[in-house]
Structure formats: C-alpha cells, structure tokens
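For reference, the structure is listed below as structure tokens.
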Amino acid sequence: MIRRTRVTTCKPQYCEDDDESMLDENPEDEFEDEDEWKPQEKKTKVSKNISASRQKTRAPKTEKAKVQRKTAVRRKKAAKGEETSVTQALENEPVEPLKNVKEERLSFALPNVEHSEREQVSDAPVKEEIGSPAKKISTPGKKRVTSKVSAKHEQKSAVGFSTEEPCCSSLSSAAKKEEQEEDFNFHESPLKKMKTSKCPEGKPVKFCKSRDKDNDLKMNWDLIQVLSEKTAVDPWVCGNVVTLFNEDNTIPFIVRYRKELINYMDADAVRDIQMHLEELRTIAKKVHTVIQTLKKEGVLTTDLQNSLLNCRTPDELDHVYAPYKKGSKQTKARRARELGLEPAALALLENPQDLNLHSYIKPDTPGCAALAEVEAGVQQILADIIAKDKDTINYIKGLCEMNYITIHSVLSKTALKEQKDENTTKQRDLDKFQLYADFKASIKTVQHHQILAINRGENLKILTVKVNIPDRVKNEFCRWCVNVRWRPKGYAREELFKILKDAVEDSYKRLIYPLLCRTYRSNLTSSAEKESIAMFVRNLRQLLLTSPVRGRCIMGVDPGYKHGCKLAIISPTSQILHTDVVYLHKQGKDREAEKIRHLLKLHNCYTVVIGNGSACRETEAFFAELIANQYFRPLDVVFCITNEAGASIYSVSPEATKEMPDLDPNLRSAVSIARRVQDPLAELVKIDPKHIGIGTYQHDVSQALLKAALASVVEECVSFVGVDINICSETLMRHVAGLNAGRAKNIIEWREKNGPFINREQLKKVKGVGPTSFQQCAGFIRINPENLRNTCSGSQPYGEATSTEESTSKASSKKSKAAASSSAPQFNPLDQTCIHPESYDTTVRFLLQIGGKLEDIGKPEMKFQVDCAIQQQGLEQFAQVLNTPTPTLQIIIDGLTQPQGFDIRQDFEKPVFKRGIVSMDDLTVGAVLTGRVENTALFGAFVDIGVGTSGLIHKKYITEAKLPQDKRRRSLALGPGERVEVRVLSVDPGRGRIGLDLLRVLK
C-alpha cells in the first residue's frame, strides 16, 4: 500500500453520505502528517470525538518518527531557499507501506482548540464558489500557502468531469506554477481542433481570454449569437473570428494560417463576418452614446434604456431615440407625459374599472383643459407604448412575412412637369428610368440592381418610391392588439375601450407603418449594396490574379487620333527600353509602320498590347493588317486588347511622377498599359480600384464600405501571391498583410542602407515592425535565392557579412572577421516558401520523419519523398505525430514541394492574343463564338468577342448547369478574364447591342 497525502475540506457535518468529492487536492497540505485514506463501510453515526478516533488510527511510532524527520528536512531546505519542489521530494523518498492502520476518514488537525470549539469549526459551513481559490487555514508552526489547484479541480467539476474518485495523477503537475498562455507563439503549432458531430470539419478549442473590445458595449443581445444569425455561420466560428480580429489579425493571415479555427471559410466569408461585426459594434457605440446623452439630460428611464439596449439596427435606434433628439419637435406622447397623463394610460391597461379621466382635467392647463384633450393625450401615450413594445414589433413583422409586400416606383410630380419640357438633357435623364416609371415587385423577389436603380432615380427626384402593405395586415394587427397583447386586465367601459382601439390604429398608421417602410427600404438597400460590393470584390480579385506574361518584351500602345499613338517598350523585368509617338491615323502610315517594325526587331519584341480607349478599333485594324501581310517577318507578332481604365489618372499621380520623373504623362500611360499585361498585380495596385472600370453602381453604394472592401481584396491578392522583399516596389509592399505605407517605406530604407534581406528574421530589425506586424506579414514575404545572389555584391556571398571597421593589426582583423562571421545572418531555405516561421520547427521534424533535406526544397526529389511518405502513413496520421493541425501540415507540404518561383496566378486566365479581327457586321444570330469576360454587373456579364462591342450575357442565361463545380457560388459565377463559349442571340447595330447565351466556361 502506497502512502498518499489527502486532506478534506471542512464541511458542516460528517455524516454517512460523505464521499470522496469532499476531498481537497491542495498540494501544500502535504506537510500535514496524515494517514492513508481508504473507502470505509457506512456507519450509522460518526463519533464526535474525532481526535480520539484519530489517535487510534495512527501508524506505529517508528513509522511516524520517520515521516516527521523527513518532513523536518524538507522544511529546512525550503527555509534555505533551495529550488526543490515538494513534488520532487515526495517522489524521491523511499516509501514503505504503513501497517496496522485502521481505515478512517481524515480531518484537519486543530491543536490548542477545545472540543466544543472544534465541533463549532467542524459544523461551520464553508461556501466556495467555482473558480475561487482555496480557503487559507492557518495552523500553529506551519506556513500555509493558498493554491489554485482546488479552484481548477472545482472548475473541472463544473464542466462535467467526474470528481467521485480521488485524483490518481502525480502531484508534480499540480505543484507547478500556472502561467498565462499566449496565443500564436512562434515555433508553436496553432490550437488543435476537436471533432464534433455537428461540425464535420472540426470545432477548435476556444482561445484563452484576451482583451475584449466589447466589454464597454454591453447590450441586451449577445454579439456572437446575432452575428451567427446574420451571417448563417456557426456560433463557435463567429466567436473565433471575433477573437482573431480582437488580436489584430488580418484576413489573409486568418484564411491561410488559421483555417481550422474558422472552419475552412474563404476570404469573402470572413470579410462578410467582419462587415457585420463592424455594423453591430457601430450600433452598440451609438446606443451607449445616446444613453449617456439622455442620462445627462435627465430623461433616461429604465424602460427607455432597455428599449435602447434592444436595438440591433440603425432604424430601430432612430425609432426609439427620435423623440428625444435635440432640435426635433416634441412628440405628442412626450407632451402628454409632461402633463401627467401617463398614470391614466397605464391605469387603462392595468385597472380600467377604477379609472376616472375627469380627475385629470385641469381647466387652466393647455392640453388638459377638457375631457377630449385628456382622452387624446392618453391615446397618444398608449400609441407610443405600443409602437415601442418589442413583442408588438415582432408580431407585425411576422404578419408581414406571411403576406405579399411590394415596392412600387412611379414618376414623381417634378419629373412629370419636366417631361413636358423640351430640354433634351432632362429628357435624356428621364429616358434612363423608363423601366421604373411604373415598376412594382415583391420585396422578396426584387433584384439588387433594380433597388440601386430605384434609389438613384429617387435621389435625382425622378422617381417616387413607396412600400405597399396589404390592409389585411393592419386589420389582423389591430385585432390582436386589442384582444390579446394590450387587452385591459379588468372591465373597461365603452369610452375607454374606444380610446384603446383608436390608440392601436393611430400607432400603426403614424408610427409602426413608417417604421416598417424604413426598415424594408433600409434592408433592401443594404443587401443590394453588399451584393454590389461583393461583385466589385470578385471582379477585382479576378483581374488582379490574371496570369502574368513573363519572359518577353512588350510594346504598349495608348491609341489616339489627334495626338497620335503613344508607344512604350519594356523589358522582361519591366524596365523602360524605349518610348515614342506615332501617327497611325493620318498620312504617312507607311513611314510609321517602318518605325514600329524597326523598334520591334531592335528589341526582339513580338507582343503588342493595345489600350481599349479611343481609336482602339482603328489601331487594332492597323496591326492586324500588317500581321496578315507578314510585315514583321521573321517575328511572329501577336497583339491583345487590355482595359486602360485608370491609366490616365495614374500617369499624372505623384507615384507615377516619382517612378518616371523624366517621362511625359502621355507616355507614362503607354508604360502602364504594357505593364498591366506583364504583371497585372504589380501595376494595378498603383491605381485606386474604383478607377479600374469594374462593377456597376459604384457611386450608389456606401463609399466607406466599398473602399474598405476593395483595399481588403488588394491586400488579400498581394499577400497570397507573395512578394520578394529584395526586389518589390514600395507601392506593392504596402499592401502586404501587416504592413502599411510607413512600414513599407522603412523596409525600403533599411534595404537601401544595409543591403538585401538575408532572411525573414531581419524584418524584426526594421523600425515599426513589431511582433504582431512580423507575425502577420512573415508568411507572405519571400526571399528568392537567385535574386539574393544578383543583389549581393560579387565579393561578398550572401549569408556572410564584412566588418566595416578597419583593424590596425592582423590579429585584431582576424578576430573582428571571426566575430562578424559568427553573428552574420544566414539564409534559411524555408524563407522562399509559403511556410510561416512559426511552423519552421514542425517543418524540420517533418523532414526528419521522411528523411528529406532543406536543400532539396522545390526539387523533384523532395516531391517524391513527400508523396511516398503521405501515401504510406497518411496526412492525418502525420499531423497527429507532429502534433499540428492538418491544414498547417498541408501548407508545409505545399511549401516543400512547390517549385522555386511558384506563382498561384499561373492557374488563372491569361490574356487572349490574336492576329486578326472581325466586325459587328459579320455576326449572325446562332453563331457560336469564344470570348473573354470584360466586366460583370448585377444583371449579367459583358463579354469581348472581338468585334469592338462587348456582348451581354443576361443573368437568366448563367445557370448552374452551365458552370463548372468550382464556379457555382452566390450571384454571378463569372469574373473578368474568364474565357467562355457563347451563342449569339441578337444583334442590334443601331444601338450597338449584342445579346449572348452562355454555353460553357472554358478551362
């Protein structure tokens, strides 16, 4: 039998039902000289003389003396300050079984206490809350230390772990001092996930409590639950996303390196949660600001505060707060309350049989001078109470959900007057809204682009819009209010009952109906704006991730008539080789064609990129004719058309002036056009996304939301592609997750001052790049060894450093060189991959498991070793062995096996190069063509089929059956750059319109 130290907590009474759950696992109590405890048979009564019983159960004196001597030795060591834990002392001592020990429950020894006092202490109730530290009980001659183990033991009991059996674990784990764990420590794997039946992809462990930005914004609703309802995402995922955002994590970092915590959601879904989170926090901030304002004014009541804390939308907040706004007219209900009529209104509902309205008449007070005025005041108070009741509002909203609610737009009176005017400008504006001159649609089926168009017409005072709610909704609502929700609790006379009916009807007509209309309009507009912004985001992502055309010289052409066509030839590394201006649409075409041929042959350039601005068709025809006549032989010249939107704005921007100071702004646009095809991402990030020419209704949506969403998707694309820190521009670097304009500038300055970065760890030396910034950006920063060799000086290989101080002697020189070489930064092969530095240790252990080497990263040998190991053991099994989540291990495998210089954009669409053109007159209905999506809107997709005019695929022809599996998603599944096969449905040369039907999406 092994001796085990156990001490019970004081209980009110020792009885036969006491069990092991009364025991306390306080490791400090091991100083107590107590006997071993074993389960004992039930007794009818426990003797009160506990000390006497305890004396009988003690071990033989020799054993006791032995234990006391060892206890004294331990106390002396503790007094000397030795760092020897009690656990180690107990584990190392030889333990002999105690003999002749009677099985008895243990109790605290209370020396120097009389028997009556001991009974009093034993009977005193001890109440300990879950999570509170164990109570401190002092004994003479012994220093007792409070421990948190008891609290931890009780917390485990609270969450469902059994405490019936004594703990069998060693005391070493309990004696260790608890330290607060930090989230996302480098060189440690992310928190693992727990498998659940409801979440097949895994539910992660919740984070440790971190700083909560919502502590001061408490509402009557739970933020996580409301966020889950709005986004249709599991609450545990929403909770983790909120925690990640509270820890200043960026969307690219979350989506790539914390997949298991967000249930493998994509960036759009996380961004949607972020938008709703900001909306809810904004509402909470406004509510608490209003509460503080009303409290200062002295008009805040408990009911008003609860009504404010129940608000979830801006409309609900405005509805509650409107009567108390400064500068607004005082409401009828508020004036009636100031006259002292609120008790009468409440009495009508609670105790109508005793209500006498005549007692409230005050002849000298306006508003209470007559019975009719008193009745009107009571009615207005009741109407206000009804309109602000949460259950009443929920009921009327439920009724509307079951009925056919429509939105109806007609021409306004102002527009009708202008329609008779002969002003062509106003008439042209009216013609744009002819579709909505008498438009009616259900609020459940109306399209997003229709809502935005109606809102635009209303803002221009061309349309008048209203929401139609059937009369049966009003009738049913009034019946329910009078007979159910607001039915008086006693007998109400006929005149009082009439006041209640009138109050219900007045509340609906004057307060509730306008609230419903505002709510529906606000919800429709918000939904349309979010969908329009989502369309912008998808289009911009598709455009930024267009596959680059590398390894060739490119001639960019900015077409024009009067001022000529601007030319710019750039090298494969985007350096400007030559700029010029040619006049292709005037006399002397042959001379200009000869100049172009000379330039193309001189720079071995066979790719021409033409902007789609004015004179584009004529310039395209010029090059097509020369190519058809084999004018550029032996060069096989091809050309493509690219979108030049924003090139003119960029050419006069400060960034373009700084980058190309000696170049004419007209020639800068030609350089930008060429670079858009060579590296679309690096060039397009220099331009405001709103000027790139994607999406529709950009001026009809919230500009703040649009700007934030587009900036977020630019950051996402730049981060996922990755940047080589030694060659990328400052403009591109500022869009990496975790960096900004200031940090990017500091990185460039550090690079110019100290030379190229040898490894990622050197980023920590840059001013402004702290632990959080480094964590967010490190995984998206690359250090390409080839570029590193090119940027390093020939005399100094990378990975070594030279001393800048001159030594006076050879010995001191050798010492300084040795010290410099020992502290020199070394190149880490993992820095060229997508593997995050926090996973480097796991990567090294994985390579040891499969027998791989860091030098083989990206080589076929490494891919072969990894594939064989995964086939034999399995990905999940490897993840368990390495104690890391499966998504993290997959990132490690991808980083090890992807070839050097891997670019995720290589799988995206490339520009379509051609040698000839066709015109709109050559089109026939039924013809099957291939084209490239130029832009997408809420109502369809515009496709360039090579005739100079884009055709429209209406959204009704974009069905799931025609789309590949990976393209089936919300709204339109097409984006700029995708190649499609279409059939011509209609051709209208007069209006310049081509109707198309989608056949399939080409790979």
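The values are calculated or read from the model by the stated rules, or taken from the named source; none is laboratory data. Not measured: the values here are computed from a predicted model. Virtual Cβ from ideal backbone geometry, glycine too; neighbours counted across all protein chains shown. The protein model used for the area step is the full one, side chains on, heavy atoms only, and it has no ligands, DNA or RNA in it. Shrake-Rupley method; radii C 1.70, N 1.55, O 1.52, S 1.80 Å.
Tally time: how many residues in the stretch 744-780 are in contact (Cβ under 8 Å) with a residue 12 or more places away in the chain and in a helix (DSSP H, G or I)?
Adding up the residues that qualify gives 21.
Exactly one of (1) open to solvent by 10 Å² or more (accessible area, probe 1.4 Å); (2) aromatic (Phe, Trp, Tyr); (3) farther than 30 Å from PHE939 by Cβ is unmet by TYR697. Its number?
Looking at each condition in turn, TYR697 falls short on (3).
Got a sec? Which helices (runs of 4 or more DSSP H) wholly within the stretch 366-474 have at least 3 residues that are open to solvent by 70 Å² or more (accessible area, probe 1.4 Å)?
390-401, 413-419, 424-432
Answer yes or no as to whether LEU952 is at pLDDT 80 or above, open to solvent by less than 60 Å² (accessible area, probe 1.4 Å) and touching a helix residue (DSSP H, G or I) at 6+ places or on another chain (Cβ under 6 Å).
Taking the combined requirement at face value, the residue does not satisfy it.
Output the residues belonging to the stretch 701-723 that are buried (at least 19 other Cβ atoms within 10 Å of the Cβ) and either assigned to a loop (DSSP other than H, G, I, E, B) or acidic (Asp, Glu) (or both).
VAL701, GLU715, GLU716, GLY722
For the stretch 513-529, indicate whether the set of residues that are surrounded by 20 or more Cβ atoms within 10 Å (Cβ to Cβ) and touching a Leu at 6+ places or on another chain (Cβ under 6 Å) is non-empty.
Looking through the stretch 513-529, at least one residue is surrounded by 20 or more Cβ atoms within 10 Å (Cβ to Cβ) and touching a Leu at 6+ places or on another chain (Cβ under 6 Å).
When residues of the stretch 486-501 are filtered for being open to solvent by less than 80 Å² (accessible area, probe 1.4 Å) and basic (Lys, Arg), how many remain?
Adding up the residues that qualify gives 1.
Please go through the stretch 902-945 and give me each residue that is in a loop (DSSP other than H, G, I, E, B), at pLDDT 80 or above and within 30 Å of VAL866 (Cβ to Cβ), ordered by number.
Selection gives PHE902, ASP903.
Filter the stretch 624-658 for residues that are closer than 26 Å to LEU684 by Cα and part of a helix (DSSP H, G or I) and give the result.
The answer is ALA647, SER648, ILE649, TYR650, SER651, PRO654, GLU655, ALA656, THR657, LYS658.
Say we look at the stretch 666-693 and pick out the residues that are open to solvent by 50 Å² or more (accessible area, probe 1.4 Å) and in a helix (DSSP H, G or I); which of these is modelled with the highest pLDDT?
ASN666
Going through the stretch 837-853 one residue at a time, which ones are at negative phi and either modelled with pLDDT under 90 or not in a helix (DSSP H, G or I) (or both)?
Scanning the stretch 837-853 gives GLY852, LYS853.
For the condition at pLDDT 60 or above and of a type in the set (Ser, Thr, Tyr), what is the one hit in THR808, THR886, THR802?
THR886
Just to be sure I understand the filter: pairs with C-beta atoms under 6 Å, separated by 6 or more residues or on different chains, first member in the stretch 349-365 and at positive phi and exposed (fewer than 15 other Cβ atoms within 10 Å of the Cβ), second member assigned to a helix (DSSP H, G or I) and not aromatic (Phe, Trp, Tyr). Which pairs pass?
Note: no pairs meet the criteria.
Scan the stretch 761-775 for residues that are among the polar types (S, T, N, Q) and either in contact with an Asp or Glu (Cβ under 8 Å, 6 or more places away or on another chain) or open to solvent by 40 Å² or more (accessible area, probe 1.4 Å) (or both) and jot them down.
Matches in the stretch 761-775: THR772, GLN775.
Among the residues of the stretch 414-452 satisfying the criterion of being in contact with a Ser or Thr (Cβ under 8 Å, 6 or more places away or on another chain) and of a type in the set (D, E, K, R), which is modelled with the lowest pLDDT?
Out of the qualifying residues, it is ASP438.
Filter the stretch 552-579 for residues that are in contact (Cβ under 8 Å) with a residue 40 or more places away in the chain, assigned to a loop (DSSP other than H, G, I, E, B) and of a type in the set (Gly, Ala, Ser); which is surrounded by the most Cβ atoms within 10 Å (Cβ to Cβ)?
GLY560
Give the residue, chosen from VAL504, VAL549, that is aliphatic (A, V, I, L, M), open to solvent by 10 Å² or more (accessible area, probe 1.4 Å) and touching a residue at least 40 places away in the same chain (Cβ under 8 Å).
Unique residue meeting the criteria: VAL549.
Are any residues in the stretch 596-622 farther than 19 Å from ALA645 by Cα, charged (D, E, K, R) and open to solvent by 60 Å² or more (accessible area, probe 1.4 Å), and if so, which ones?
Passing the criteria: only LYS601.
Please count how many residues of the stretch 673-711 are of a type in the set (Gly, Ala, Ser), touching a helix residue (DSSP H, G or I) at 6+ places or on another chain (Cβ under 6 Å) and under 20 Å from PRO252 (Cβ atoms).
Total satisfying the criteria: 2.
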